[in-house]
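S.K.: Could you have a look at this structure, given as structure tokens, before my questions?
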Amino acid sequence: MNNQALIEKFRLLPSVDEVLKVLDDRQVKIPHNLIVEVVRRTVESYRERIIKGLPCEDSKETVLREIVEMSEVNLEVACRYNLRPVINATGVVLHTNLGRAILSENARRAVQTIANGYANLELDLTTGKRGSRYSAVEGILTGLTGAEAALVVNNNASAVLLALGTLARNKEVIVSRGQLVEIGGSFRIPDVMAQSGAILVEVGTTNKTYPEDYRRAVSENTGLLLQVHTSNYRILGFTRETTIEEMVEVGRDYDLPVMSDLGSGFLVDLSRFGLPPEPTVQEVVRGGADVVTFSGDKLLGGPQAGIIVGKKKYIDLMKKNPLTRAVRIDKFTVASLEATLRDYLDPKAALQKIPTLRMLTALPGELEYKADVLVEKITPLVGELARVTVEKDFSRVGGGAMPITELPTTIVSISPRHISLDEFTSRLRRYTPAVIGRVQDNRLLLDPRTVLDGEEELLVEAVVKCLQASS
Ligand SMILES: *Cc1c(COP(=O)(O)O)cnc(C)c1O
């Protein structure tokens, strides 16, 4: 299109005010500024359409009508919540992009109850004096883990930062080379160390580190021995890491505290369900670690939080650090964490009550049955629109934990026939509720492991509607 033709087309565009006038008559009930912004963007997008030479209306009247209609759709989108529920059919139990752990019924109820009114967050109801927000969870944490004291902060990254900054500011921290990991989201041990003011001293090699390596690295300025769970990767083959007991022995000889950043932090051993044997928090505490940090929303299955347990003298120092105030948890975290921890008081029941544990320990037969049910419901409704089959596959733990662990599952595979796979998955993402599956070999895979009870009907409906819809 030449310039003259473009200018002619631009003349058809209404002003923002002209669109607003039509919309005003229809009484859109949202703040005026927001409406103006949405209309401005809509007119702008129509201008782009003209520039790109895409099909457009050819009279002032019809262009206005179309822009008004587009504005109404955009306004509806603008009124929708940005944070929305998603059906997780990826089979990744702790999916960081999908909010990691989901809360147990008790935890959800606790949040609701506390959200409904005032609470004794920092008031000791026995004495009437000021209390600590941590007291609601500290006793249960020490009871469950066997540690002397506990503290909870915003997330595990801030727990590590706080612990290092408190125990080793301007001091050397000895870490095995095989544990200098990047956890993701720019959490890299060397960077966190630098941020905390501690000085990193690497020892050993990528695959082997011996107690002697730590001993040789100890200097007058050593403040801490640190063990980091490698979480999202594994070094296999000719390897040796120093155990927590061995590190504690070195620490005792030189009067140095030993800290373990466990990352996920198991409270129950899941190895009998086919998950790799991992030391539980209790075992690491029993092994003599002075400070242990782990996440609230990874394998623990609770809210986002960074849990610190260990010797009272070190935890007390952390409680006095001004950074603790900056990374403190809110009342909803206290409420849901307390409820989650109470679920653990009966470890057998915890496997059923805590969704993360329930999903991780789901039996293959149960998952096969769920996949069969989904296919039986979907197939007759979609007819020729897609090829729907059941297949054996594997789910993942996620959340940077157990990267090579494959959990056997049965998935539903869907190949749309009349629309592209891209179009299908895009529709599912925009559907209410949004559905996220796994794309593999030009098919969409739905893993029932992470689909919650009660979501099956919604999932079937979403799949069917998104295969049918013509736009
Ligand atoms: C995940 C992880 C962290 C960060 O925990 P967040 O709760 O995500 O802040 C730190 N260290 C290790 C070893 C981890 O696995």
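The values are calculated or read from the model by the stated rules, or taken from the named source; none is laboratory data. None of these values were measured; they are calculated from a predicted model. Note: ideal-geometry Cβ built from the backbone for every residue, glycine included; neighbour counts use all protein chains shown. What goes into the accessible areas is simple: the full protein's heavy atoms, side chains included, and nothing from ligands, DNA or RNA. Shrake-Rupley method; radii C 1.70, N 1.55, O 1.52, S 1.80 Å.
S.K.: What number of residues within the stretch 409-440 satisfy the criterion of being surrounded by 15 or more Cβ atoms within 10 Å (Cβ to Cβ), of a type outside the set (Val, Ile, Thr) and assigned to a strand (DSSP E or B)?
M.R.: The qualifying residues number 4.
S.K.: To continue, here is another question. Sort out which residues of the stretch 182-194 are out of contact with any strand residue (DSSP E or B) (no Cβ under 6 Å at 6 or more places or on another chain) and either more than 11 Å from Leu164 (Cβ to Cβ) or within 13 Å of the ligand (Cβ to nearest atom) (or both), and write them in order of number. Outline the logic, then answer.
M.R.: Step one: of the stretch 182-194, the residues out of contact with any strand residue (DSSP E or B) (no Cβ under 6 Å at 6 or more places or on another chain) are 183-187, 191-192, 194.
Matches in the stretch 182-194: Ile183, Gly184, Gly185, Ser186, Phe187, Asp191, Val192.
S.K.: A further question on this structure: Can you work out which of the residues in the stretch 229-249 that are assigned to a loop (DSSP other than H, G, I, E, B) and away from the ligand (no atom under 16 Å from the Cβ) is surrounded by the most Cβ atoms within 10 Å (Cβ to Cβ)? Outline the logic, then answer.
M.R.: Restricting attention to the stretch 229-249, the residues satisfying the condition of being assigned to a loop (DSSP other than H, G, I, E, B) are 229-239, 241-243.
This time we only want the ones that are away from the ligand (no atom under 16 Å from the Cβ), so: 236-239, 242-243.
Working: Leu236: 8, Gly237: 6, Phe238: 7, Thr239: 13, Thr242: 23, Thr243: 13.
The selected residue is Thr242.
S.K.: Right, here's the next one. Could you please let me know if Thr113 is open to solvent by 80 Å² or more (accessible area, probe 1.4 Å) and closer than 27 Å to Lys298 by Cα?
M.R.: Details: open to solvent by 80 Å² or more (accessible area, probe 1.4 Å): yes; closer than 27 Å to Lys298 by Cα: yes.
It is true that Thr113 is open to solvent by 80 Å² or more (accessible area, probe 1.4 Å) and closer than 27 Å to Lys298 by Cα.
S.K.: Another question, then. Could you check, for the stretch 121-134, whether at least one of its residues is closer than 30 Å to Glu455 by Cβ and either within 16 Å of the ligand (Cβ to nearest atom) or open to solvent by 40 Å² or more (accessible area, probe 1.4 Å) (or both)? Reasoning before the result, please.
M.R.: The first filter runs over the stretch 121-134 and keeps only residues closer than 30 Å to Glu455 by Cβ, leaving none.
No, the stretch 121-134 has no match at all.
S.K.: Given the conditions (1) within 16 Å of the ligand (Cβ to nearest atom); (2) closer than 30 Å to Arg396 by Cβ; (3) more than 22 Å from the chain's Cα centre (by Cα); (4) open to solvent by 30 Å² or more (accessible area, probe 1.4 Å), which single one is not true for Gln179?
M.R.: Result: Gln179 fails condition (4) only.
S.K.: Return the pairs, sorted by first residue and then second, in which the second residue is more than 11 Å from the ligand (Cβ to nearest atom) and of a type in the set (Asp, Glu), the first residue lies in the stretch 150-173 and is closer than 22 Å to Arg133 by Cα and in a helix (DSSP H, G or I), the beta carbons are less than 7 Å apart, and the residues are 6+ apart or on different chains.
M.R.: Partner pairs satisfying both residue conditions: none exist.
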